[in-house]
C-alpha cells in the first residue's frame, strides 16, 4: 500500500465527517503550493501524518494523526516537537472546544507542547459544500494571540484555506 492510501485510511478513521474533506476536495487542496502532506515514518514504518499550510505569517497545522498502534507511546509528542523545531514561524491549529473529556485531553496535549488556547469565537467554514461549519478555538505556538493577530490569522485561513472548499 502506498503512503497516500495509508494517509487516506487514517484520515477517514481519525476525523469526523464534518472535519475532513472528500477525496475530490483533498486532491484539490493538495494542488495548492502552500499545502503540504507530510507522512510520518520511523525506520520506514508509516506512523501518521501532518497536513500543513505554510503561509508567510505562520504555519497552519490543519490535520495531525498517528496510527492507532503507535498512540500512547509518546510518538505524537515526538512528531509535534520535531515539527515545532523545524519551523521558525508561529504555528496555528484549530481544536474542538474543550467541552468533553476527550476534547479537553486534546487541548491538554497541545498545551503541554507549549500551545496557548485562544478563547476567541471562531467558526471553521465547512470543508465540503453541504457539511456543517464548526465552532472551534484557535491554539497558537509559542504564545497566545492578541485580538488583531487572531483576526489576521482567521482572515488568512478563510481566504487561503476555506475559499478552496467552496470554490468549485
Candidate set from region 33-58 (those that are out of contact with any strand residue (DSSP E or B) (no Cβ under 7 Å at 6 or more places or on another chain) and part of a strand (DSSP E or B)); member that is farthest from residue 89 (Cα to Cα) = 45
Pick from region 129-140, criterion surrounded by fewer than 16 Cβ atoms within 10 Å (Cβ to Cβ) and on the phi < 0 side of the Ramachandran plot, ranking: modelled with the highest pLDDT = 135
Of the residues in region 59-77, how many are surrounded by fewer than 15 Cβ atoms within 10 Å (Cβ to Cβ) and either touching a strand residue (DSSP E or B) at 6+ places or on another chain (Cβ under 6 Å) or assigned to a helix (DSSP H, G or I) (or both)?
-> 3
Would you pick out the residues in region 1-49 that are buried (at least 17 other Cβ atoms within 10 Å of the Cβ), touching a helix residue (DSSP H, G or I) at 6+ places or on another chain (Cβ under 6 Å) and free of Cβ contacts under 8 Å to residues at least 60 places away in the same chain?
-> 35, 40, 46, 47, 49
Can you name every residue in region 1-25 that is in contact with a strand residue (DSSP E or B) (Cβ under 9 Å, 6 or more places away or on another chain), closer than 18 Å to residue 128 by Cβ and in a helix (DSSP H, G or I)?
-> 7, 11, 13, 14, 18, 19
So which residues in region 141-160 are modelled with pLDDT under 95 and in contact with a strand residue (DSSP E or B) (Cβ under 6 Å, 6 or more places away or on another chain)?
-> none
Picking from 85, 111, the residue that is assigned to a helix (DSSP H, G or I), surrounded by fewer than 12 Cβ atoms within 10 Å (Cβ to Cβ) and either out of contact with any strand residue (DSSP E or B) (no Cβ under 6 Å at 6 or more places or on another chain) or without any contact (Cβ under 8 Å) to a residue 24 or more places away in the chain (or both) would be 85
Would you please name the residue that is surrounded by the most Cβ atoms within 10 Å (Cβ to Cβ), looking only at residues in region 114-125 that are touching a strand residue (DSSP E or B) at 6+ places or on another chain (Cβ under 8 Å) and outside any strand (DSSP E or B)?
-> 115
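The values are calculated or read from the model by the stated rules, or taken from the named source; none is laboratory data. Everything quoted here is computed from the prediction, not taken from an experiment. Neighbour counts are summed over all protein chains in view; Cβ atoms, including those assigned to glycine, are modelled from backbone coordinates with ideal geometry.
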